[in-house]
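Below is one structure, written out as structure tokens; the observations come after it.
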Amino acid sequence: MTAVSSAGPAAVSVPGVLERCRELVRPALAEAVGRLHPWVGEMAGYAFGWCEVGGAPAAASGGKGLRQALAVLGAEAAGADGRDGAAAAVAVELVHTFSLLHDDIMDGDGMRRGRPAVWKAYGTGPAVLAGDALFALAVETLAAAPGGAGTLRRLSAALSDLLHGQADDLLFAARPWTGPERVRPEAYRTMAERKTGALLGCAAALGALLGGAPPATADALDRAGRHLGVAFQIVDDILGLWGDPAVTGKPVHADLRERKKTFPVLAALDTAGPAARHLAVRLASDADPAETAALIETAGGRSAALAEARRHLEAAGTALSGVPLRAPAAAALHALPAFVLERIR
């Protein structure tokens with residue numbers, strides 16, 4: 001197996017890779033969703049962007065497909081056909097969508113990818129049911145794959161991490177902005193690795209295992225995916241404060257209005273300078289969100305968040321460079337970190 005550790009991102013079209021992997025996984029994902037109760041399947045199809053309420057076909061965005069790509073590329077990097085990673089891609093995508101359905105309810109987010117979230121479109125109870133069904137379907141899908149109990153244990157561990165991260169994220173909301181009980185950036189990193197990174201790492205690792213890779217390679221891909229996930233979450237935070245709603249699909253400053261403990265805010269408060277003290281006062285009031293976002297940038301929150309995202313993307317590349325991976329999948333994996341940062345340019 002040939003090691004590839006320095007493939008340049010310029011040699012790879014990441015959007016093309018994501019599209020190829022989505023197209024490869026889509027039939028298996030559609031087949032799995034087709035086994036659900038028709039009404040639940042419709043809600044799942046709506047969540048994936050395949051249909052409108054009522055079942056009419058839709059052309060809505062179903063997301064970038066990063067988890068699907070990691071699973072397919074993990075299998076290909078192990079020397080197998082990308083289709084060998086399809087079961088991993090389907091299982092992780094089902095778990096991810098389950099988490100989004102419940103996450104939107106818990107956070108009260110009424111929009112997802114530019115249109116009403118499932119709970120807004122169908123109701124809270126149906127959305128919870130659809131999420132539960134997707135989780136059960138993920139376990140069933142992976143159990144039927146030839147990876148054995150080891151793949152299910154890895155998915156279960158990732159899900160446990162995801163739930164821990166979600167619990168921390170919810171608890172953060174009740175903690176103060178300042179004082180000894182405040183949320184520190186390092187606590188955020190742990191939360192983000194669990195809530196976002198665990199599934200990205202799991203996708204790559206499961207794809208590699210189903211492709212025949214040894215556990216050490218799967219573990220390295222898991223680490224890379226976790227670092228990628230932390231960076232991805234921080235970039236999402238940056239977009240939530242300074243992004244274009246037409247691109248993100250969510251209203252700008254929504255996180256500020258909901259008093260969410262995002263990394264740019266926590267990093268700005270951690271500077272302890274005059275701007276940070278002014279920011280703490282504003283966060284405790286109903287100040288204009290646009291002015292608060294500007295103050296976060298002045299206090300160094302945006303630059304600190306970018307630096308932290310870059311640090312984790314470099315760590316992801318280091319993890320990938322430590323194991324032998326087959327080309328051209330290795331080049332595509334190495335190109336993903338630059339693509340994550342490209343979202344905020």
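Observations on the model:
- Condition met for E193 (among the acidic types (D, E) and part of a loop (DSSP other than H, G, I, E, B)): no
- Flag for L320 being touching a Leu at 6+ places or on another chain (Cβ under 9 Å), over 21 Å from E258 (Cβ atoms) and among the aliphatic types (A, V, I, L, M): yes
- Residue count, the range 107-135 (criterion: within 20 Å of the chain's Cα centre (by Cα) and exposed (fewer than 14 other Cβ atoms within 10 Å of the Cβ)): 1
- Residue match in the range 102-117 (condition: over 16 Å from Y46 (Cα atoms), in contact with a Leu (Cβ under 8 Å, 6 or more places away or on another chain) and not hydroxyl-bearing (S, T, Y)): yes
- Scanning the range 25-73 for residues that are surrounded by fewer than 19 Cβ atoms within 10 Å (Cβ to Cβ) and within 23 Å of A224 (Cβ to Cβ) yields a single hit, K64.
- The set of residues in the range 82-103 being more than 14 Å from the chain's Cα centre (by Cα) and under 26 Å from A173 (Cα atoms) consists of H102 alone.
- Qualifying residue in the range 50-66 (condition: in contact with a Gly (Cβ under 7 Å, 6 or more places away or on another chain), modelled with pLDDT under 95, under 21 Å from A138 (Cα atoms) and not basic (K, R)): yes
- Scope the range 286-307; condition of a type in the set (D, E, K, R) and over 21 Å from the mean Cα position of the chain (by Cα); matching residues: D286, D288, E291, E297
- For the range 233-287, the tally of residues that are out of contact with any strand residue (DSSP E or B) (no Cβ under 8 Å at 6 or more places or on another chain) and either modelled with pLDDT under 90 or not in a helix (DSSP H, G or I) (or both) stands at 24.
Residue-wise test of (1) under 19 Å from the mean Cα position of the chain (by Cα); (2) free of Cβ contacts under 8 Å to residues at least 12 places away in the same chain; (3) in a helix (DSSP H, G or I); (4) buried (at least 24 other Cβ atoms within 10 Å of the Cβ).
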position	(1), (2), (3), (4)
G147	no, no, no, no
R153	no, yes, yes, no
S156	yes, yes, yes, no
P180	no, yes, no, no
A187	yes, no, yes, no
G197	yes, no, yes, yes
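- Screening A284, A309 for residues that are out of contact with any His (no Cβ under 9 Å at 6 or more places or on another chain) and surrounded by fewer than 16 Cβ atoms within 10 Å (Cβ to Cβ) leaves exactly one candidate, A284.
- Considering G165, G225, the condition of being free of Cβ contacts under 8 Å to residues at least 40 places away in the same chain and within 18 Å of the chain's Cα centre (by Cα) is satisfied by G165 alone.
- Taken together, the criteria place A216 among residues that are assigned to a helix (DSSP H, G or I), of a type in the set (A, V, I, L, M, F, W, C) and more than 15 Å from the chain's Cα centre (by Cα).
- Any chance D104 is in contact (Cβ under 8 Å) with a residue 24 or more places away in the chain and either surrounded by 21 or more Cβ atoms within 10 Å (Cβ to Cβ) or assigned to a helix (DSSP H, G or I) (or both): no
- Filtering R83, R115 for residues that are among the basic types (K, R), farther than 30 Å from A213 by Cα, at pLDDT below 95 and out of contact with any Asp or Glu (no Cβ under 7 Å at 6 or more places or on another chain) leaves a single hit, R115.
- If you go through the range 294-345 and keep only what is outside any helix (DSSP H, G or I), over 11 Å from V235 (Cα atoms) and touching a residue at least 60 places away in the same chain (Cβ under 8 Å), you end up with G322, V323, P324, L325, R326, A327, P328.
- Checking A77, A86, A69, A44 one by one, the residue that is of a type in the set (A, V, I, L, M, F, W, C) and more than 26 Å from A220 (Cα to Cα) is A44 and no other.
- Number of the condition not met by H253 [criteria: (1) within 18 Å of the chain's Cα centre (by Cα); (2) at positive phi]: (1)
The values are calculated or read from the model by the stated rules, or taken from the named source; none is laboratory data. Computed from a prediction, not measured in an experiment: that's the story for all the values here. Note: ideal-geometry Cβ built from the backbone for every residue, glycine included; neighbour counts use all protein chains shown.
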